[in-house]
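Readers should treat all values here as calculations from the given coordinates under stated rules, not as data from a laboratory. Computed from a predicted structure; not experimentally measured. For neighbour counting, all protein chains shown are included, and Cβ atoms are generated from backbone atoms with ideal geometry for every residue, glycine included.
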Amino acid sequence: MAVVEEFIPGEGTYEENGKIFSALLGELELDHDEKIAKVVAENPPVTLKVGDNVFCEITDVRNSMAICEVVAVEGEDRTVAGDTNGTIHISKVSSEYTQEVGRELRPSDIIRAKVLQVKPSIQLSTVGPHLGVVRALCKRCRAPLKKKGKGLYCETCDRTEYRKIADDFSDVKF
Ligand SMILES: [Zn+2]
């Protein structure tokens, strides 16, 4: 990138044997006045905020909550910074009374959820027509389920499953 006689290693760089190397993927910026070489990250990770809509994969379902991994913030192609382990409490699954979390959300489902809290733990909600499952696989054969009436249908198994689905189920790209 540069040599230390010419530039001072700045942000995003490191020095080795008198040479300056880039420590991350990004764009090189040479400050010729201050003689500082730095690298500005191309795609800095995005930090979750309360009110964000996020896509998550359900990893576990318990009696009172679903556990998920936040995989993306809607509208952002950057990775999510820091803790990505979220929970959806049974009272935040649907506007209707939820008797069993596992009837609405299942492991490996992809959901769109709203961030209610970031710290000390990520709390999410799927209450609202645009929130809920956007992709789901058949429990038996793992084929993608299709929306049919109020349920989700597997053509291979000729079975219907139920979920708390989002209004744009299966049209979602992220
Ligand atoms: Zn199936």
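Please give the strands (runs of 3 or more DSSP E) falling wholly within region 118-174 in which 1 or more residues are more than 25 Å from residue 76 (Cβ to Cβ).
146-148, 151-154, 159-161
Considering only region 114-152, state which residues are surrounded by 12 or more Cβ atoms within 10 Å (Cβ to Cβ) and within 9 Å of the ligand (Cβ to nearest atom).
If the condition is that a residue be surrounded by 12 or more Cβ atoms within 10 Å (Cβ to Cβ) and within 9 Å of the ligand (Cβ to nearest atom), then 137, 138, 139, 143, 145 are the ones that fit.
Mind checking which residues of region 76-98 are among the small types (Gly, Ala, Ser), in a loop (DSSP other than H, G, I, E, B) and under 11 Å from the mean Cα position of the chain (by Cα)?
Listed by number, the list holds a single entry, 81.
State which residue is nearest to residue 8 (Cα to Cα) when the search covers only region 18-41 and only residues that are among the acidic types (Asp, Glu) and assigned to a strand (DSSP E or B).
If we take residues in region 18-41 being among the acidic types (Asp, Glu) and assigned to a strand (DSSP E or B), then 31 is nearest to residue 8 (Cα to Cα).
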